[in-house]
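Written below as structure tokens is the structure these notes are about.
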Number of protein chains: 2
Amino acid sequence: MTEPAGREGGPGPPPGPDLDSYRREGLLEPPAEAGRQVHDGTGRVQLSFVPSDRAVRVPPGVTVFDAASWNGIAIDSTCGGHGTCKKCKVRVLAGSVAPSRLDIRSFSPEQLRAGWRLACLAQATQDLRVEVPPLTTRPKAATVGVGRQVILRPAVQKRYVELAEPTLADQRPDLTRLLDAIDDLDPQPDLHALRRLPTVLRAGDYRVTAVIVDEALVDVEPGDTTDRRFAIAFDLGTTTVVATLLDLGTGTPLAVHSMLNRQQPFGGDVITRISATMLDPDALDRLRAAAHATLAELTAGVCAEAEVDPTEVYEVAVAGNATMTALVLGIDPEPLGVAPFVMSCSTPPVVLASDLGVPVHPRGRALLFPALGAYVGGDIVAGMLATGMDRDKRLRLFIDVGTNCEIVLSDGRQILATAAPAGPAFEGGAIRCGMRAAEGAIEVVRVGEDVELQVIGDVAPAGLCGSGLVDAVAELVKAGLLDATGRFVTDEVAAETAPALAERLTRVGEERVFVLHRPEGVTDPAHTVYLSQRDVRELQFAKAAIATGWSLLLEELEVEPGDVQQVLLAGSFGSYLSPASAVRIGLVPDLSVLRILSAGNVAGEGAKMVLLSHRERAGAATLLEEVRYVELSDRADFNDKFVDQLAFPG
Amino acid sequence: MTEPAGREGGPGPPPGPDLDSYRREGLLEPPAEAGRQVHDGTGRVQLSFVPSDRAVRVPPGVTVFDAASWNGIAIDSTCGGHGTCKKCKVRVLAGSVAPSRLDIRSFSPEQLRAGWRLACLAQATQDLRVEVPPLTTRPKAATVGVGRQVILRPAVQKRYVELAEPTLADQRPDLTRLLDAIDDLDPQPDLHALRRLPTVLRAGDYRVTAVIVDEALVDVEPGDTTDRRFAIAFDLGTTTVVATLLDLGTGTPLAVHSMLNRQQPFGGDVITRISATMLDPDALDRLRAAAHATLAELTAGVCAEAEVDPTEVYEVAVAGNATMTALVLGIDPEPLGVAPFVMSCSTPPVVLASDLGVPVHPRGRALLFPALGAYVGGDIVAGMLATGMDRDKRLRLFIDVGTNCEIVLSDGRQILATAAPAGPAFEGGAIRCGMRAAEGAIEVVRVGEDVELQVIGDVAPAGLCGSGLVDAVAELVKAGLLDATGRFVTDEVAAETAPALAERLTRVGEERVFVLHRPEGVTDPAHTVYLSQRDVRELQFAKAAIATGWSLLLEELEVEPGDVQQVLLAGSFGSYLSPASAVRIGLVPDLSVLRILSAGNVAGEGAKMVLLSHRERAGAATLLEEVRYVELSDRADFNDKFVDQLAFPG
């Protein structure tokens, strides 16, 4: 590997502080090439990095270190940007950043005048051009989310130290002795750590490992345990909860478990669970306990599988919608369920994992994702983080398909979000032969000469789940058995258009149906798996709500559906949806299927990201400020648009 | 009252921000009259305030607001220096302070160039001359400690707000709605507050009071409760624990209770309690529980007396020595008790009152004083704060007399501290007729023609407490019955020098004694209250240890005992000591008794101060950095000095 160009003869990081020759006047002189553009706290500023030659736009006030980190540009640092390791030296080539107090201690006046600053303290309040010296250490990185490269800088850090024993000439307190040996971090001790410190130091012969989470010293462990640090990312869904155990040293997932949310007995969706708390004063406590039990069971499972002691897990992250987040915290969700739909808070405080009933390290921290609104929750913010919705210049549409459907549109400058009430059709609700995506559910339907079905678990079909429903409707439209308005064609037209399928078009009671699967020996259509006229209407309503949502967002940005460069289908349902079928029924804009991606469990990916890099947390917080929420329910043109969207395209 | 001179035509606070005309170049130009002296982080900088014309010296980096507050100069502020209320506008007339980001938002370029800054963000890194505009509100102040004037700015704050109910057009989260209405504070919510928020907001018709402690929102209460905020200051002594309930709105103490520390059964002094933890693995938990029970009982007592609901107490402060602090926190004290005498930490973390077993508001905070060393603990730091040891230019000596005697010497520039092992004599230990300062204890002794005694509780004398012991020895020296070496004179000399008292000089067994009180009908001297030759030796050892301590500190500062301008006798024993007797036996330097003050319970006063003004906490932290600890035990000249100090002066 060749030496990076900047290393020889180039600027390189300057030597240590040279305070003697320091003169204030020199410091406050703006560099000759200083930019003139100054921001007032709104809008964006542009940072250009050399030699990587990448430019990013960030809200003013963001530090140079953060701006670089979020955009995958690595700057040397061992403290992760806490202002303690003094390794993140960069040079401001154009534009100006006032020197911080630490800059004045870290650089000579000449260096300060030449633009050298510590990146983690340098707030960008105007456009800047910044030179990043070559790295002295190569940072580890992990790929998560939708092609996001995350530089591994977990908030959980460990430092192994070998300390001198105290003497009468060196009576430093235990904590001082420990922290003096850790030159790049300066954490505040938890009482728990302080209680353990005298005992562990002496039991461990003054060779101990300090466990630091963000800015807190949470424990000291005897000996060298630096290779044991773990975290768990939770996707706390209304239906399904997924836990991923991460090795924070490598960024590798070690085990993934999922299970049904134990809150299920209180109702299948958020509204029924909110209603439960309104009817029964004990329900909030029981729902909280059920969420805690779910997280606890998953924790035990992933730890056992990976042979990790739960006390080696020092942090967890939870991505859930606003109702799931309120319930797991024990906050009354009633205001979320009744107009005007208000959250208790947008950004939950950092709490202890034990506050969420998660049995990991007793002082392990729990990070909950912030939410944009009662119906665009932390799961969506996590998903936006995982898909990089704020850092891609393409026009991208993010759709999390479900009972409540969240839609985000971004062109890299503006980000809009909304929620559309799609109803339960995608989860099999209100569909005659509907069922959840479980064993026996038809998940793929192909209609050609005959009907081909793909069934979960390769068993006999028992019903139709959401993706199968979308497929069935899309294929019948294509086959000419459903017209553009969503009505089954007459028997005459069917016999002419698709003679091989016509006999499947029949009636159950008064209603026309299309039989998808007839078990052997069954003659009564009512005992088959079928798609009814009313099912088609349900799906039309659901997809029209979604299409109205994204078309209104497109209008807000003054772009056309055809301008969309990528559609990300997220959520447990969205990921299984056939892009071609989604286009055919008009659930997404009419684009090449290559532009329509199943993004997978992006909420869980977002939760992993904030555990792997504590800079990504700041990214989530920034997202919250950048996204504009568009409320659909009070728009005068919603109904018009909705009716327009009921029909199938083309 | 006339308008302050500066108000008319004078500079006054500038109007609001004028961002439009902002130009960066102007901002970074140093004012024309900028000082040239720049500090590197060591030493002190001088701040001169006009129009009050007061000058103070502070460590570089201290904010102008803090420097003014600690010195009783009031600057407008409602947020107490958190950088949120933007009221603390001052003008830097000479010297220079780089504008902060908030300055740039709060002032026009012209104002910035003229030197206007927000005082709470302006770090003094060089000598400054600062103009403080007249106050728009007169701050409340309280006198505490030894003549210290404290501007009332408790960390506990309440804000009553009347909020608009949410609508579909205004779906702000509850927390945002609340904090938007509080323009001068920006606290982070505790989970407890967040859980209560939705319910209290709606139950209180959106008229609620936010309870903020430092930077945390700890609760919301329905209606206006702003006149109900209380705190408890604890002096957690090894023997006696004192609780003072404070009204934070007025600074007034509402109730004071004291009781014996419930740890007494484990031993009378810190060493026996530490030993207990070394012998019995359960002892630490039981000592912790005993301390908690003591604090809980006092809390119940003061709250009941003042008719304050304990949940209206949002903060407590605890001043205790290093061992008491460790035990109340549940930290193993063993390293404090064995060489090399090491603390677990110097500055304990802020914990919850509930962590100390104090049953106040469930999220009430507990502040524990930092310590200088294993034997110069938080009680002494509190005492130094209360006596202003760091802000008086006089040469002052602070002596906390007890089994372990702490000594502090300051000349306003340097502060030295040490601990002298005085032994148990002052608490009546190792004294034949010694007893604690309880009912029946002789506390004052006057020897003239006859012996006059003052007895606690005005009952028959039962023994001799520390102040009585010092008096008895001092008076017998004065009467010529004890010689300068501490030996009782011969019967012949006694008969000549003090014929009326000579018959009191007798023997108990082989030992010479002086009978202080002979109960009626008693003839055997062994059944009287007497002072023995060995008692005198015990006192000589104790006072020599103390005198060696302060004389070594005086040598370090290169000053003479006669240069001392004030001696403060602190602690429960020191406060009862007769200054004249203390001089006569050489326990303090030979000064006019007018210069020797009983300072009272200064540890408790210090605890009150940090509750009344959260700036004083920073003062305590600063003290810790400024004081130099002088270890006596490893000094080669200690024994020589000690022997020199055994005799009585004159």
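The values are calculated or read from the model by the stated rules, or taken from the named source; none is laboratory data. Note that this is a predicted model, so its numbers are computed, not measured. Neighbour counts are summed over all protein chains in view; Cβ atoms, including those assigned to glycine, are modelled from backbone coordinates with ideal geometry. For accessibility, only protein heavy atoms count, side chains too; no ligands or nucleic acids. Shrake-Rupley method; radii C 1.70, N 1.55, O 1.52, S 1.80 Å.
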Accessible-area composition of the protein assembly as shown, carbon plus sulfur, in percent [1.4 Å probe]:
50
Both in Å, the radius of gyration and Dmax of the C-alpha trace of region A:156-222 are 10.9, 35
Quotient of C-alpha Rg and 2.2 N^0.38 Å, computed over region A:403-451
1.70
In debye, nearest 20: dipole of the protein assembly as shown around its Cα centre with unit charges on the Cβ of K, R (+) and D, E (-)?
2020
Antiparallel versus total DSSP beta bridges in chain B: what percent is that, nearest 5?
70
Could you report the protein assembly as shown's accessible area per residue, 1.4 Å probe, as an integer in Å²?
39
Calculated P(r) tail over 25 Å for region B:122-260, as whole % of Cα pairs:
47
Which distances, in nm and shortest first, link the B:Pro519 label point to the same label point in every other copy, taking 7 Å along Cα→Cβ?
10.3
iface A-B | buried accessible area, total | probe 1.4 Å | Å², round 100 | 4700
Just to confirm a number: summing +1 for Lys and Arg and -1 for Asp and Glu over residues other than B:Gln533 whose beta-carbon lies under 12 angstrom from that of B:Gln533, what do you get?
+1
Using only alpha carbon pairs under 8 Å that are at least six residues apart, calculate the relative contact order of region A:188-237 and give it in whole percent.
35
Structure-based [θ]222 nm, chain B - -39500 (n - 2.57) summed over DSSP H runs of at least 4, per residue, nearest 500:
-8000 deg cm²/dmol
For chain A, whose charge dipole is built from +1 on Lys and Arg Cβ atoms and -1 on Asp and Glu Cβ atoms, the candidate among A:Ala255, A:Val328, A:Pro189 with its Cα farthest towards the positive end is A:Pro189
Can you give the relative contact order of region B:156-222 as a percent, counting alpha carbon pairs under 8 Å and 6+ residues apart?
42
Bins of 5 Å, starting at 0 and running to the largest distance - Cα pair percent for region A:360-461:
3, 10, 14, 14, 13, 12, 13, 12, 6, 2, 1, 0, 0
Tell me which aspartates and glutamates have Cα within less than 12 Å of B:Lys393's Cα, excluding those fewer than 8 residues away on the same chain?
B:Asp411
For the protein assembly as shown, build the charge dipole from Cβ charges (+1 Lys, Arg; -1 Asp, Glu) around the Cα centre, then report which of A:Gly468, A:Val241, A:Gly377 sits farthest towards its positive end.
A:Gly377
Region B:231-368, dipole about Cα centre (Lys/Arg Cβ +1, Asp/Glu Cβ -1), debye to the nearest 20:
220
Once the dipole of region B:553-634 is set up from charges on Cβ (+1 Lys and Arg, -1 Asp and Glu), the residue from the list B:Val567, B:Ala603, B:Ala620 lying farthest towards its positive end is B:Ala603
hull vol. (C-alpha, convex hull) per residue for region B:571-627, Å³ -> 104
Could you pull the Rg and Dmax for region B:231-368, using just the Cα atoms, both in Å?
14.9, 48
Exceeding the 27 Å Cα-Cα cut-off - candidates B:Lys89/B:Lys140; B:Lys543/B:Lys608; A:Lys87/A:Lys158; B:Lys87/B:Lys140; A:Lys608/B:Lys158; A:Lys86/A:Lys140:
B:Lys543/B:Lys608; A:Lys608/B:Lys158
Have a look at the DSSP beta bridges in the protein assembly as shown and tell me what percent are antiparallel, nearest 5.
70
Charge dipole magnitude, Cβ of K and R +1, D and E -1 - region B:426-532, Cα centre, debye nearest 20:
260
Inter-copy distances for A:Asn639, nm, shortest first, label points 7 Å along Cα→Cβ, are 10.2
Give me the log10 of I(q) over I(0) for the protein assembly as shown at q = 0.06 Å⁻¹, as the Debye formula computes it from C-alpha points; what are the numbers?
-0.64
Are there DSSP H segments in chain A that both extend 20 Å or more along their axis (alpha-carbon positions) and score a mean Kyte-Doolittle hydropathy of at least 0.5? List them, or say none.
A:283-306
So for chain B, averaging the separation of alpha carbon pairs under 8 Å that are six or more residues apart and normalising by length, what relative contact order in percent results?
11
Cα-only Debye scattering, chain A: base-10 log of I(q)/I(0) at q = 0.05, 0.06, 0.08, 0.11 Å⁻¹:
-0.29, -0.40, -0.68, -1.12
Tell me, what is the Rg over Rh of region A:427-532, with Rh the Kirkwood radius over Cα pairs?
0.94
Could you calculate the FRET efficiency of A:Glu511 with B:Gln188 from 1/(1 + (r/R0)^6), where r is the beta carbon distance between them and R0 is 60 Å, rounded to 0.05?
0.60
Which longest uninterrupted range of chain B lacks any trypsin sites (Lys or Arg not before Pro) assigned by DSSP to a loop state (not H, G, I, E or B) and surrounded by at most 15 other Cβ atoms within 10 Å?
B:141-392
